[in-house]
Amino acid sequence: MTLPAGLARILPMLATLVLLVAAITVVSPGFLEISVANGRLYGSPIDVLNRGAPVALLAIGMTLVIATGGIDLSVGAVMAICGAVAAKMVTLGYPLPVTLLAALATGAACGLWNGLLVSVLRIQPIIATLILMVAGRGIAQLVTEGAILTFSDPGLAFLGSGAVLGVPFPVLLWTAAAVGTILVLRRTALGFLIEAVGVNARAAYRAGVNTRVTIIAVYVVSGLCAALAGLVVTADIRGADANNAGLWLELDAILAVVIGGNSLLGGRFSVVASLIGAMITQTVNTGILLAGFPPEYNLLIKAWIVLVILVVQSPRLRPLLARRRAMRRGTPT
Amino acid sequence: MKNLTAYALFATTALAALPAAAETVGFAQIGSESGWRAAETTVTRQEAEKRGHDLKFADAQQKQENQIKAVKTFIAQGVDAILLAPVVATGWDQVLQEAKEAEIPVVLLDRQVDSSEDLYLTAVGSDLEHEGRVAGEWLVQQVGDKTCNVVELQGTTGSSPAIKRKAGFEAGIAGHDNIKITRSQTGDFTRTKGKEVMESFLKAEGGTEICALYAHNDDMAVGAIQAIKEAGKKPGTDILVVSIDAVPDIFQAMAAGEANATVELTPNMAGPAFDALEAYWKNGTVPPKFIQTESKLYTQADDPQAIYESKKNLGY
Amino acid sequence: MDAVLEARGITKRFPGTVALDAVDFTLARGEVHALLGENGAGKSTLIKCLTGAYARDGGTVLLDGRPVAPRSTADAQALGIGTVYQEVNLLPNLTVAENLMLGREPRRLGLTDRRGAGREAARLLADYDLDIDVTRPLDAYSVAVQQIVAIARAVSLSDKVLILDEPTASLDAAEVERLFGILRRLRGRGLAIVFISHFLDQVYAIADRLTVLRNGRNVGGGPAAGVDRLALVNMMLGHDLAQAETGHRARAPDDGPPAAQFRDFGRSGRVEPFDLTIRKGEIVGLAGLLGSGRTEMAEAIFGIDGSDSGTAEVGGTARRLDSPRAAIRAGMGFCPEDRKTDGIVADLGVRENMMLALQARRGWTRPVARREQDRMVADYIRRLDIRTPHAEKRVGELSGGNQQKVILARWLLMNPGFLILDEPTRGIDVGAHAEIIRVIEELCDRGMSLLVISSELDELAAYSDRVIVMRDRRQVAELAGAAVSTGAIVAAIAAAPQQRTAP
């Protein structure tokens, strides 16, 4: 993966992001202003990076899962579970490191569960992860006992609203997670093996790839990413909201991966492109809020923008049409 | 789990030990989908205990068929009254008819049904629009003649609390041209969205111009208060914060001077219900078909810390 | 001869291969014409070109002397060419009558006339000795009945040509006989029937004439009575009887230690338990018709889906070969028959495809350094003469022969002691073909043991030290030393009736 090739891969997404930012700046001229208030960076671009943190974190794991040809619908519910575990532990008086480890371990365990269902029991990923998606909020509610479990531990709250050198901590967290993941993928053969499994699992199996372990691994990574995202949203509001934490975010994460030009069928993937996709969706969200439209139009506007983005940058549109024309297939008797 | 069973056993024996004169009341609750709902259950149990009634509790877990089954069981057991918090508005005619034939009065809590009025004794509930009006009137009184730009955090778009609390607030500030809603956006009743949307309000309005925040529920206000703080402003002082529901956490914020007022959606629907039932049992007094609960306004002057302490164990 | 359908010079190309190479095919009125050939010979491609499912790249089709070019199967149907596939293409949850009348329901007052449709359907089926309730759903009946319903529908729509693609594959003997009765009657009515089957006995029982395809070419045929079983197998497998026996690779039998030894090894439902010993530097050929259990045997050895009986010893140690990973750890490699689904990772490049097995063996934490990868890949591209513009080219875009070489390279850079090649030269152009044979012999000379499955019997006879012949999922003959010859292999294959005996 040489640099120019990598750049060419993410260029359409970058261009989309730039155009989107330009369009929003026309509607809300103050969009790009950044100032320092209270010793931290302040402004809409910072909001985008900050508010986009949960989806960005989820998109990292989701990209890997989708690269193997799978999908993880449970990440939103896993966020709620991990947030609930963290809030519970910290209110019970456990020290912060133990609390964080417990939340991450919970996320990894959820990922392991999904991975086992998919790779060992061979359940379709969409169904396998649907189980935890549905049951997960119930589990989170058991942990929080139905209420929003609030806490005041400043250490845990720092994950959501703290800042280092003026940069909000969630921004640092997701960029660090992204850099870490990309380094691991490049420095090891993990990315290669994931792609091989995603493109042709039968061939990879016959070439001696441990497809089972590879698939379990990506779901575990996805679970860990969901745990981090769950910690961020829980810390952000200083409370674990089992009903609403991460609600529908699995769909935003999948959207980010798709806007990033990754195929839902698996195979070649780019984590960076997915992250730009996450920022594109968040820019749309923040832009809509700033523009001050009546809320009844929010979803419609978002849907239209997403549709336009997907149609415009769809690299598969043309080859697909070309192939349709070449392979004329009729309906058999 | 073991503890829970032990507790349940204890509770049953404790109830059984009550004076024989006690009436038996069945309570068909929806479930425990929100903190408020859990508090309603707790308060109903407390009210029953206080008044010496024997409360039989059934949790329908959001399913109407469970609830209908529970009501039928209550009828079979021959309870003296049934409290019903209906999960949906339709489909109650038959079971309510059965209760009527068994001469068991039914009181609806918190939600209404689409059945004929003569099938139930009365309904106890709050008036969502009234709540909004109380909040608006408080703000009018608070700002006097000063110009005040208000930002509004709406509930889930299209939901009836969002529509009615918005309309009520607008009615409350009507005629006071110095108060103007400059931005209104949905925060989906959640803390996270409340915080995110407030951040964008602060940016879009440049911060200084916002005089007050009206949130359709306390959770969004709690989220927005954090956003205001992070923007370097003082919630409660620089920006007035008024919201609805009166959940415990907003009292903490009020105690800290970060929120100014909240309008209570009381979880005590059972109190007025028992009052009506007791009068009915005593001399057949038929209550009106709708009993509106009080939409009490709480401010920082009401010793919020004490209220927080009294509310925090209700299960919110 | 009264030709109803005449195809001349039909050509069809797919990226990297020529599926049909100027094929001529003539079908006479009132005959059953068997179309024969091994997998990949071009039978289904020819059918698809005739019925408009594929657009042909060259050639003409005359129907009743007039040129036709159907653009879809519906088009072909309207012209008079009907097709019934092995998997019955009807709607199982609709009634028999609805299936028969679909798309041409009798109407009354603008609505479908159910009673009329039922009467019409019953009338159609009367010709087929089929007394069934046409108002019941199709899937209430056996596959055989469904097949007959499909034929009835096809014949009622198209009255000239009926194409049957492996119609007997899931029928029992009585059902086959019943089907043949119907075919004979339809033939008597002047219909021309194309019959595709792997079961030679059935072909001889029903066909008037036959045509054999191999590697996309028409390699012969004629009246069924004039082609004996041996000649037919020869044609299908591509051995020219007139051709002199190719010289057998003369090598002294190696008495050294066995490279791999299997005792009573098998997998129920796939291949019967077999014994097999392969010595160091030995090439063992595996021959048999399609479905004889060749591939299943190879896959069992390589741990695909595991084995459930017997023992395996590779390199002198007992092994549990329960996965390809275990087989690879034991020093084995496997080039599968179906390159596209089991071999290449099409979206990845040449380099990544070559490195896959080695990297999988090392595990994800120990990546092969990029410089080392480039060196190895460049080395094998040169040694195997792989035609690719660069090492990052998507493998899916290479020709079949080059894809095969990439997979071969994948295993060679692991330096395996025992390599299995399943149809290494199928669908490969002549140049690459020779190249691969050369590599096979070279590997063997370097001490590698090979198990080669091939339908190219001349080749197999030429380079194998021993040849095992499979039939009905079991080993039926073993030819060694001087006994290895194409003729002997063909004789062993054709010696007995096929898997299923038609009465």
Query raised in the report: Any idea what log10 I(q)/I(0) is at q = 0.15, 0.16, 0.17 Å⁻¹ for the range C:369-484, Debye with uniform C-alpha scatterers and no solvent?
Result: -0.73, -0.81, -0.89
Report summary line: Given the candidates B:SER184, C:GLY221, A:VAL55, the one whose Cα lies deepest towards the positive end of the charge dipole of the protein assembly as shown, counting +1 at each Lys or Arg C-beta and -1 at each Asp or Glu C-beta, is C:GLY221
Report summary line: Counting all Cα-Cα pairs in chain B, those more than 27 Å apart amount in percent to 47 percent
Query raised in the report: Across bins of 10 angstrom width beginning at 0, how are the C-alpha pair distances of the protein assembly as shown distributed, in whole percent?
Result: 2, 8, 13, 15, 15, 13, 12, 11, 7, 3, 1, 0
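Just to confirm a number: summing +1 for Lys and Arg and -1 for Asp and Glu over residues other than B:GLN67 whose beta-carbon lies under 13 angstrom from that of B:GLN67, what do you get?
On the way: positive: B:LYS63, B:LYS69, B:LYS72, B:ARG111; negative: B:ASP59, B:GLU65.
That sum, taken over residues with Cβ under 13 Å, equals +2.
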**Report entry** Around B:VAL79: net Lys/Arg minus Asp/Glu count, Cβ-Cβ under 9 Å
**Finding:** -2
**Report entry** For A:VAL179, net neighbour charge (Lys/Arg +1, Asp/Glu -1) across residues whose Cβ lies under 13 Å away
**Finding:** +2
**Report entry** Counting DSSP beta bridges with both ends in the range C:3-237, the antiparallel % (nearest 5)
**Finding:** 60 percent
**Report entry** Global form of the range A:29-126, assessed from the alpha-carbon gyration tensor, a/c cut-off 1.5
**Finding:** oblate
Query - Hits among lysines - C-alpha to C-alpha of B:LYS72 under 21 Å, sequence gap 8 or more where chains match - result: B:LYS56, B:LYS63, B:LYS100
Query - Share of Cα-Cα pairs in the range C:3-237 lying beyond 21 Å, as whole percent - result: 57 percent
Report task. Would you mind giving the three semi-axes, in whole Å and largest first, of the ellipsoid equivalent to the range A:210-309 according to its Cα gyration tensor? Result -> 27, 21, 10
Query - Cα centroid separation, the range B:65-87 to the range A:173-206 (Å) - result: 57 Å
Query - Theoretical ellipticity at 222 nm over chain C - DSSP helices of four or more residues, -39500 (n - 2.57) apiece, nearest 500 - result: -10000 deg cm²/dmol
Report task. Starting from the Cα of C:LYS405, draw a straight line to each of the lysines and keep only those under 24 Å, dropping any in the same chain fewer than 8 residues away. Result -> C:LYS280, C:LYS340, C:LYS393
Report summary line: Everything considered on the Cα gyration tensor (a ≥ b ≥ c; rounded for a/c under 1.5, else prolate if a/b is larger than b/c, else oblate), chain C must be described as prolate
Query - Anisotropy class of the range B:168-316 from Cα gyration tensor, a/c 1.5 cut - result: prolate
**Report entry** Using a Förster distance of 60 Å, the FRET efficiency for B:ARG111-C:THR341 (Cβ separation, nearest 0.05)
**Finding:** 0.55
Query - Pairs of Cα atoms farther than 16 Å apart, the range C:341-415, % - result: 41 percent
Report summary line: Stretched fully, the stretch from C:ASP133 through C:ALA231 gains (0.36 nm per residue minus C-alpha distance, one decimal, in nm) 30.7 nm
**Report entry** Relative contact order (percent, whole number), chain B, Cα cutoff 8 Å, 6+ residue spacing
**Finding:** 17 percent
Requested in this report: Based solely on C-alpha atoms, express the radius of gyration and the Dmax of the range B:145-253 in angstrom.
Outcome: 12.7, 34
Query raised in the report: Taking the range C:52-158, which trypsin sites (Lys or Arg not before Pro) meet the DSSP loop condition and have no more than 13 other C-beta atoms within 10 Å?
Result: C:ARG71, C:ARG104
Report summary line: Beyond 30 Å (Cα-Cα) in this structure, taken from B:LYS233/B:LYS296; B:LYS69/B:LYS311; A:LYS88/B:LYS69, we find B:LYS69/B:LYS311; A:LYS88/B:LYS69
Query - At 1.002 mPa s and 20 °C, Stokes diffusion of chain A via Kirkwood alpha-carbon radius, µm² per second - result: 104 µm²/s
Requested in this report: Whole number please: convex hull volume per residue, Cα atoms of the range A:111-199, in Å³.
Outcome: 149 Å³
Report summary line: Given unit charges at Cβ for Lys, Arg (+) and Asp, Glu (-), the dipole magnitude of the range B:158-315 about its Cα centre in debye, nearest 20, is 300 debye
Report task. Let me have the 222 nm mean residue ellipticity of chain B computed from DSSP H runs of 4+ only, each contributing -39500 (n - 2.57), with the sum over all residues rounded to the nearest 500. Result -> -14000 deg cm²/dmol
Report summary line: The whole-number value in µm²/s of the Stokes-Einstein translational diffusion coefficient for the range A:197-252, with Rh from the Kirkwood sum over alpha carbon pairs at 25 °C and 0.890 mPa s, is 181 µm²/s
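Since every read-out is calculated from the coordinates, none of them should be taken as a lab result. In this text, all values refer to a predicted model and were calculated from it rather than measured experimentally. In this analysis, Cβ positions are derived from the backbone assuming ideal geometry, glycine residues included, and neighbour counts consider all displayed protein chains.
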